[in-house]
1. So which residues in segment A:32-60 are among the aliphatic types (A, V, I, L, M) and more than 18 Å from the chain's Cα centre (by Cα), if there are any at all?
2. Which of (1) more than 14 Å from chain B (Cβ to nearest Cβ); (2) under 15 Å from the mean Cα position of the chain (by Cα) does A:LYS76 not meet, given it meets every other one?
3. Could you list, ordered by first residue, the pairs with Cβ atoms under 6 Å in which the first is in segment A:59-72 and under 23 Å from A:ARG103 (Cβ atoms) and within 14 Å of another protein chain (Cβ to nearest Cβ) and the second is crowded, with 21+ Cβ neighbours inside 10 Å and β-branched (Val, Ile, Thr), at least 6 apart or interchain?
4. Could you tell me which of the residues A:VAL133, A:VAL161, A:VAL71 is open to solvent by 30 Å² or more (accessible area, probe 1.4 Å) and aliphatic (A, V, I, L, M)?
5. Sort through B:GLU43, B:GLU59, B:GLU48, B:GLU35 and tell me the only one that's among the charged types (D, E, K, R), open to solvent by less than 100 Å² (accessible area, probe 1.4 Å) and not in a helix (DSSP H, G or I).
6. Answer with yes or no whether A:VAL97 is assigned to a helix (DSSP H, G or I) and under 14 Å from the mean Cα position of the chain (by Cα).
7. Would you confirm whether or not segment A:127-150 contains a residue that is under 16 Å from the mean Cα position of the chain (by Cα), part of a helix (DSSP H, G or I) and among the acidic types (Asp, Glu)?
8. Is there any pair with a first residue in segment A:151-169 that is more than 14 Å from chain B (Cβ to nearest Cβ) and a second that is of a type in the set (Phe, Trp, Tyr) and part of a strand (DSSP E or B) whose Cβ atoms are under 7 Å apart and which are 6 or more apart or on different chains, and what are they?
Amino acid sequence: MKSVVITFPGSNCDRDMHVALTKFGFKNQMVWHNDNELPKSDLVVLPGGFSYGDYLRCGSMASKSKIMQSVINFAKSGGLVMGICNGFQILVESGLVPGVLLRNKYLEFICKNVFVKIDNKDNPYFKNLDKEVFELHIAHNEGNYFCTNDQLKEIQDNNQVAIYYCNDNGKTEEKFNPNGSLKNIAGIFNKEKNVLGMMPHPERMIDQSLSGEDGSLFFKNLINNIK
Amino acid sequence: MKVSAIITLKKDVLDPQGKVIHQTLDGMGFKDVNEVRQGKYFEIDVKENDPKKAQKIVEDMCNKLLANLVIENYKIIEIQ
């Protein structure tokens, strides 16, 4: 299985993502944001970081970079595109997933482990996972998901919420919401479920001795789903 | 022509920075404040001498990059 990680100026989770994808069997290629053509692959990842210094709005500049037209075409043709953290911000700015990511409610950069609950397994990312609650890491300043009421209705009607912030038992109450995100939303899909944007970093949870293994479960399952 | 545009958050969008500025102003003794909303201001010098055309160019920029219309509104405030 082939994957591509796009590196934007200011990306800083691109190599971590490369390590994670390679560890679980992907043949990964790094692609520079200024390239025109996306190499043939089964998965494209927009990594975390601070592309273009978060100028204007997080992800707004990166969403207009040269490679993004190919990424958008790939996504529109049904290809799997995953955006993590700043990658999620780039996805919303490019219009591939609905909504926006605002500044965290209490104006703090949040860097900690959180629990997230998978809401919908009827998609290539989460199908066949045998648990619902995952411990993953978040590190962001703008992860406060927001969308209009009309968009929210559409997202809910189409089961586009991918994951919610919750506690270790999977309770998705407001007190387990780290950043003020609408309805505790931590990640969403596009309508077709081939594009996934989420704030938590699965690539930071792939080593028992360093962090945890819930990211490993995600990547192992993902490559099996794609095969 | 120089075109000035301001971008503001829509009414129902939470503005935590504006809230903190409000609280700080309150703490400094400015007690007559109802609300503070923070926005962005752009001055764009475009290679166009017709004011209407210049305005259109900057509006196009606002629609495509400078503002995110899910949460923000823009307004051209000056053309000179």
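1. Matches in segment A:32-60: A:LEU38, A:LEU56.
2. The failed condition is (2).
3. Taking only residues 6 or more apart or on different chains, the pairs are A:GLY59/A:ILE90; A:ALA62/A:ILE90; A:SER63/A:ILE90.
4. Only one candidate qualifies: A:VAL133.
5. B:GLU48
6. The answer is no for A:VAL97.
7. No; the residues of segment A:127-150 include none that is under 16 Å from the mean Cα position of the chain (by Cα), part of a helix (DSSP H, G or I) and among the acidic types (Asp, Glu).
8. A:GLN160/A:PHE189; A:ALA162/A:PHE189; A:CYS166/A:PHE115; A:ASN167/A:PHE115; A:ASP168/A:PHE115
The values are calculated or read from the model by the stated rules, or taken from the named source; none is laboratory data. As the structure is a computational prediction, the values presented were derived from the model and not from experiment. For neighbour counting, all protein chains shown are included, and Cβ atoms are generated from backbone atoms with ideal geometry for every residue, glycine included. These area figures cover heavy atoms from the full protein model, side chains too; ligands, DNA and RNA do not enter into them. Shrake-Rupley method; radii C 1.70, N 1.55, O 1.52, S 1.80 Å.
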